[in-house]
1. Out of all DSSP beta bridges with both ends in the chain, state the antiparallel percent to the nearest 5.
2. Cut-off is 10 Å between beta-carbons; in what order do T146, T186 appear when sorted fewest neighbours first?
3. So which chymotrypsin sites (Phe, Trp or Tyr not before Pro) in the stretch 131-221 pass both tests, a DSSP loop state and at most 10 other Cβ atoms within 10 Å of the Cβ?
4. Give, rounded to the nearest 20 debye, the magnitude of the charge dipole that the stretch 130-246 has about its Cα centre when Lys and Arg contribute +1 at Cβ and Asp and Glu contribute -1 at Cβ.
5. Show log10 I(q)/I(0) for the stretch 183-248 at q = 0.14, 0.16, 0.29 Å⁻¹, two decimals, from a solvent-free Debye sum over equal Cα scatterers.
6. Please label the shape of the chain as rounded, prolate or oblate, based on the square roots a ≥ b ≥ c of the eigenvalues of the alpha-carbon gyration tensor (a/c under 1.5 means rounded; beyond that, a/b larger than b/c means prolate, else oblate).
7. Taking a ≥ b ≥ c as the square roots of the eigenvalues of the Cα gyration tensor of the stretch 37-114, is the shape rounded (a/c under 1.5), prolate (a/b larger than b/c) or oblate?
8. Taking the alpha carbon gyration tensor of the stretch 130-246, what are the square roots of 5 times its eigenvalues, largest first, to the nearest whole Å?
Amino acid sequence: MVVLFTEDESQLSGDLGIHDLGGTQGWGEVPHSPDEPAFHSDWERRVFGLMFQVLRRTATRPGEMRYAIERLDREDYFDHGGYYGRWEAVMEVLLEEYGHLASGELDDLVGATKGTGPAHRASPVGQKDPNQLPADRTTPTPGGRTVRRDLAEPPKFAVGDSVVALGHNETGHTRLPKYVSGVVGTVVKIHPAEVLPDSTAHDLGERPQHVLCVAYRAEDLWGSEAEVDVVINVDLYENYLTAAGEAV
């Protein structure tokens, strides 16, 4: 069964954050209609259009917008109009953090019109320890705007290798899904190298990495109740991975 998230946020405790929702269970079925419109309300259409204008002047680094969404208050993330509501809230966060809006400038207006209080609530950008990141590497300047980079070093792993993703104890932004941490998977494809958003979202350099597609058996991830013969493919940055036989 495909699952989605309900108002029950009890699983988000301890070291679990909004970015760790993927792979958790017990949130109910995904509501789906083949005739669902792209926009349910006119305000969603306006948010969609505004986002492209706001992103031209904010979130200039890869991973920065996604990290801002992760930092949203849980009330804003879950109850503020779903997908487009998160976009609206994160635009307010980014416009303030980039100095296009004064701190709290929208609070009175939003509180008066919606009765919701502050325009947004978000935690500040967390401190990232550079020592928890791989070393930066010099790469040729790309010809256009792209996150892809050409690395002189070959990948450490090849298709067919057994690997384990470790180290889900760092603060700040990461693209490592917690549900695969510590589980043995198999490399099934090597993608082009990319800048590392764990680093770029915190303005700590590109630190480009090879990107590997790792296959996991559903039962290895979720136990005997998982669907049989289901394989989950997850794209992971190489610095997350170690050989399965070397994992401690």
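Computed from the coordinates by the stated procedures, all read-outs in this text should not be read as laboratory data. Predicted model only: the values in this text are computed from it and were never measured. Counting neighbours? That spans all protein chains shown, and the Cβs are built from the backbone with ideal geometry, glycine included.
1. Once the DSSP bridges in the chain are tallied, antiparallel ones form about 95 percent.
2. Numbers: T146 11, T186 18.
Final ranking by Cβ density, sparse to dense: T146, T186.
3. none
4. Working: 10 positive and 17 negative charges, 76 e Å.
The calculated dipole for the stretch 130-246 is roughly 360 debye.
5. Ignoring solvent entirely, the Cα scatterers give -0.52, -0.64, -1.16.
6. Oblate, since a/c reaches 1.5 and b/c is not below a/b.
7. Judged from the Cα gyration tensor, the stretch 37-114 comes out rounded (a/c under 1.5).
8. Working: eigenvalues 142, 50, 31 Å².
Working through the eigenvalues yields semi-axes of 27, 16, 12 Å.
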